[in-house]
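The structure appears right after this line, and notes come after that.
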Amino acid sequence: MSEPTLPMLPQGPVDLTSIPTDHTGAFDGDKSDGEEALAELGPELSELQERLFAARTAGSHRSLLLVLQGMDTSGKGGVLRHTVGLVDPQGVRITSFKAPTAEEKAHDFLWRIERALPSPGFIGVFDRSHYEDVLIARVRGFAAADEIERRYGAINDFEQGLVDQGVQLVKCMLHISPDEQKARLLARLDDPTKYYKYNPGDLDERALWPAYREAYEIALERTNTDAAPWHVVPSDKKWFRNLAIGQLLLEALREIEPRWPAADFDVETERKRLLEEVPPE
């Protein structure tokens, strides 16, 4: 069965209406096959994440940052549960960026992002990110046009700096259709156990769908660089979304190629000491 490999977004103008939201690329299986394929990624993902975590004790400065952006209901939480959940949570740092606080507004927009970056050895996950500051800020007019323009360049410089410091970036735009979003919102209203997920404000944002699509297209085009490319992940099928991002994480960890740190002590001496010790009474 083919791997769900997603190509990087080509550089240049972006037209999201031309990118299907429900296709499964080269993967020729169904939902059951996809869920099984995701589970099969687990052991290698887990081992590579543990090696990344262990390598920091020997001075490795490498880390991984997964950036998740998408319209409401696109499935950021599902990715966290089903895909990121395959690795040891001790080595993961998840940050969910909400509306900035008064303190955060007093600083440059990247200030709060820098404070949430993963330390060496960790996988960081941004549930929304610095891209909110060129998406909702553009659509809702929270920043002037010249400031939005400045931010695209600031983001590119910032991400280039991260890569130079050893951060492996995986940027994913979770791409869903308006019809699928409507179905997911209705599902929340039909199930009392999902009322807590429903926010009436989501309908106000939904009414601005064309403006958000345009904002995404501009942001994707302006920040799709060689150092930090974008992946547009078809997300109408939740199982494929989870599998595709799992494959992207696996490829990123393979590229880092973390190594188990060598012992900084004499293994045979320590073995002998253990075997010869007198058991405590």
Considering residues that are outside any helix (DSSP H, G or I), in contact with an Asp or Glu (Cβ under 8 Å, 6 or more places away or on another chain) and either of a type in the set (Ser, Thr, Tyr) or surrounded by fewer than 13 Cβ atoms within 10 Å (Cβ to Cβ) (or both), the number found within the range 27-86 is 1
When you look at Ala143, is it open to solvent by less than 30 Å² (accessible area, probe 1.4 Å), more than 21 Å from Ala227 (Cα to Cα), among the aliphatic types (A, V, I, L, M) and not in a helix (DSSP H, G or I), yes or no?
yes
Collect the residues in the range 88-121 that are surrounded by 12 or more Cβ atoms within 10 Å (Cβ to Cβ), in a loop (DSSP other than H, G, I, E, B) and of a type outside the set (Asp, Glu), keeping them in residue-number order.
Phe97, Pro100, His107, Phe109, Leu110, Ala116, Leu117, Pro118, Pro120, Gly121
So the check is Cβ under 6 Å with 6+ separation or different chains; which pairs have a first residue in the range 192-210 that's over 17 Å from Ile136 (Cβ atoms) and a second one that's surrounded by 14 or more Cβ atoms within 10 Å (Cβ to Cβ)?
Lys194/Arg188; Lys197/Arg188; Tyr198/Arg188
Verdict on Ala37 being farther than 23 Å from His82 by Cα and touching a residue at least 40 places away in the same chain (Cβ under 8 Å)
no
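State yes or no: is Leu220 open to solvent by less than 60 Å² (accessible area, probe 1.4 Å), farther than 21 Å from Glu35 by Cβ, outside any loop (DSSP other than H, G, I, E, B) and at pLDDT 95 or above?
Judged against the criteria, Leu220 is a match.
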The range 156-191, residues that are outside any helix (DSSP H, G or I) and over 26 Å from Arg140 (Cα atoms)
Gln165, Gly166, Val167, Gln168, Leu169, Val170, Asp191
Taking the range 252-270 and keeping residues touching a residue at least 60 places away in the same chain (Cβ under 8 Å) and either among the polar types (S, T, N, Q) or assigned to a helix (DSSP H, G or I) (or both) leaves Ala252, Leu253, Arg254, Glu255, Ile256
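The values are calculated or read from the model by the stated rules, or taken from the named source; none is laboratory data. Remember, predicted model here, so these are calculated numbers, not experimental data. Here the Cβ is made from the backbone with ideal geometry for all residues, glycine too, and neighbour counts use every protein chain on show. SASA here: full protein model, heavy atoms, side chains in, ligands and nucleic acids out. Shrake-Rupley method; radii C 1.70, N 1.55, O 1.52, S 1.80 Å.
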